[in-house]
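Engineer: The structure's right below; bear with me while I get my questions together.
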Amino acid sequence: MIVTRIPLRVSLFGGGSDRPHFYHHTPGKVLNFSINRYMFVIGRKQVEPIKNRFLIKWAEINAADHIDGLEHPIFRSALSHFEFNDPLEVITFSDVDANTGLGSSSAFAVGISLLLSTYQQKRLTKSEIASTASNIEIDIAGRNIGKQDHYGCTYGGINIFEFNPDHTVINTPIIPSSDIRTEIFNSFRLVYVGGGRDAAAILEGQKLDTANSRDNIQLSIDLVDHGANALLKSDIRELGYLLSEAWAYKKKFGDSVSNDVIDKIYKRGLEAGAVGGKLLGAGGGGYILFVVPKDAELFFDKAMSDLITLNIDLDQVGARLTYYDEA
């Protein structure tokens, strides 16, 4: 049996520049961090006799004797990539529901990549795990998403990732002091706005290859270094202001990004004392990340108490193998 634990991630700035249509022409750049909410991917070799060679249990249960009979696109693509044919059962658990803007599908891609490579006795670096997972989900499974999630979920911590036209990825860790990290993460609130939708489906309807959209993506890229500096200085108000800027740019990608419910909750959060924030993920629902100064925390928490709110902390480990037994 093999158990992998993969952190979910929060993307702050530069979203959209991690998609091939952008970085093939202009280098992409994002700032994101992984959080202490996890996806667990558990696998074991099935013991004969078996009815179907492959079995996966997630929100649904899918069994098939051949890869082509599997409905889960990432699982099917991962088995194909690794040329895997041993009878295998996979089960997934997640601390947070799918389609909420925290990168759960990419966390699964990372988890299954680590699981299958471990099964085959292949030792992959973090860069290789992230690259493999993004190739499986984007190139093989054909999901219309970017690849920052695969890297953020794999590396752990706070990172700037640069995506180059030659497909290389450069990682620059951002490492605030322990006191600053505590202050920053105490100010974060994730507020659930409902209406989670598949990121690939939303992105399919967004025209991000237009000149106007490329300009908005570039404006978000320009916030990356400013955001990293705000984190390192624990400048809560500056970070909130930058996130609100990024949200304004993101809303210009299309009508599917926001809606009346999201806009009302966003406004409520600012009226309750947040100094800024943005919706996470592709849009349409999920979680808003608010930045709340210490002197407004009690008022904010009371004002938003009728909504699902998560306090989060930083995961500094990234993708990890938590259990391995050849039996």
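Rule-based calculations on the coordinates, nothing more; no lab input. Everything quoted here is computed from the prediction, not taken from an experiment. For neighbour counting, all protein chains shown are included, and Cβ atoms are generated from backbone atoms with ideal geometry for every residue, glycine included.
Engineer: Can you check what the net charge comes to around Asn186, using other residues whose Cβ is under 13 Å from the Cβ of Asn186 (Lys, Arg +1; Asp, Glu -1)?
Structural biologist: Around Asn186, the surrounding residues sum to -3.
Engineer: In a Gaussian network model over the chain where Cα atoms closer than 10 Å are linked, find which of Pro73, Pro87, Pro49 has the largest mean-square fluctuation.
Structural biologist: Taking springs between Cα atoms under 10 Å, the residue moving most is Pro49.
Engineer: Pick out, in residue order, every one of the trypsin sites (Lys or Arg not before Pro) in region 239-327 that is DSSP loop and has at most 14 other C-beta atoms within 10 Å; say none if there are none.
Structural biologist: Those satisfying the criteria are Lys252.
Engineer: Determine the dipole magnitude for the chain: charges of +1 sit on the beta-carbon of Lys and Arg, -1 on that of Asp and Glu, nothing else is charged, the reference point is the Cα centre, and the result goes in debye to the nearest 20.
Structural biologist: Roughly 160 debye, rounded to the nearest 20.
Engineer: Between Rg and the Kirkwood Rh of region 178-310, both from Cα atoms, what is the Rg to Rh ratio?
Structural biologist: Ratio of gyration radius to Kirkwood radius for region 178-310: 0.98.
Engineer: Could I ask something else about it? In deg cm²/dmol and to the nearest 500, what is the mean residue ellipticity at 222 nm of the chain if only DSSP H runs of at least 4 residues count, each as -39500 (n - 2.57), divided by the residue total?
Structural biologist: -10500 deg cm²/dmol
Engineer: Given a cut-off of 18 Å, name the pairs among Lys251/Lys302; Lys233/Lys267; Lys251/Lys278; Lys267/Lys302 whose C-alpha atoms lie farther apart than that in the structure shown.
Structural biologist: Lys251/Lys302; Lys233/Lys267
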